[in-house]
Amino acid sequence: MTQAFVLVTCEPNTQNDVSKKLRKITGISESKKVFGAYDCIAKTNDLPNTDIQNLVQEQIRTIDGIRSTLTLNKTEI
């Protein structure tokens, strides 16, 4: 099981709506608006890697207003 952080770049003026929609997705434990190179960050629950991949491809990237994503898998050192 892995936890991931999904960094999201949004279309202009869509950050509020995108963040709200991210919070409603099963498998997302938290979503926040941020400033800088990315507009939102979403934290996933502990899931198998294949479930995280499906979550990003089939649910997150299909949200209107999302321009791009970058997924960072959390690993234990």
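The values are calculated or read from the model by the stated rules, or taken from the named source; none is laboratory data. Fair warning: this is a prediction, and the values are worked out from it, not measured in the lab. No Cβ is skipped: glycine too gets one built from the backbone with ideal geometry, and neighbour counts run over all protein chains shown. Surface accessibility is based on the protein's heavy atoms, side chains included, excluding ligands, DNA and RNA. Shrake-Rupley method; radii C 1.70, N 1.55, O 1.52, S 1.80 Å.
Okay, here's what the table says:
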{"read-out": "Qualifying positions in region 18-70 - of a type in the set (Val, Ile, Thr) and touching a Gly at 6+ places or on another chain (Cβ under 9 Å)", "value": "Val18, Thr44, Ile52"}
{"read-out": "Pairs with Cβ under 8 Å, 6+ apart, first in region 3-17 and over 12 Å from Asp64 (Cα atoms) and of a type in the set (S, T, N, Q), second in a strand (DSSP E or B) and at pLDDT below 95", "value": "Gln3/Leu47; Gln3/Asn73; Gln3/Lys74"}
{"read-out": "Tally, over region 18-28, of residues that are open to solvent by 60 Å² or more (accessible area, probe 1.4 Å) and either touching a residue at least 24 places away in the same chain (Cβ under 8 Å) or in contact with a Pro (Cβ under 8 Å, 6 or more places away or on another chain) (or both)", "value": "1"}
{"read-out": "Subset of region 54-76 [open to solvent by 90 Å² or more (accessible area, probe 1.4 Å) and touching a residue at least 12 places away in the same chain (Cβ under 8 Å)]", "value": "Asp64, Arg67, Lys74, Thr75"}
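For (1) open to solvent by 70 Å² or more (accessible area, probe 1.4 Å); (2) under 23 Å from Thr75 (Cα atoms), each residue gets a yes or a no:
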| site | (1), (2) |
| --- | --- |
| Thr9 | no, no |
| Asn16 | yes, no |
| Glu30 | yes, yes |
| Lys33 | yes, no |
| Asn45 | no, yes |
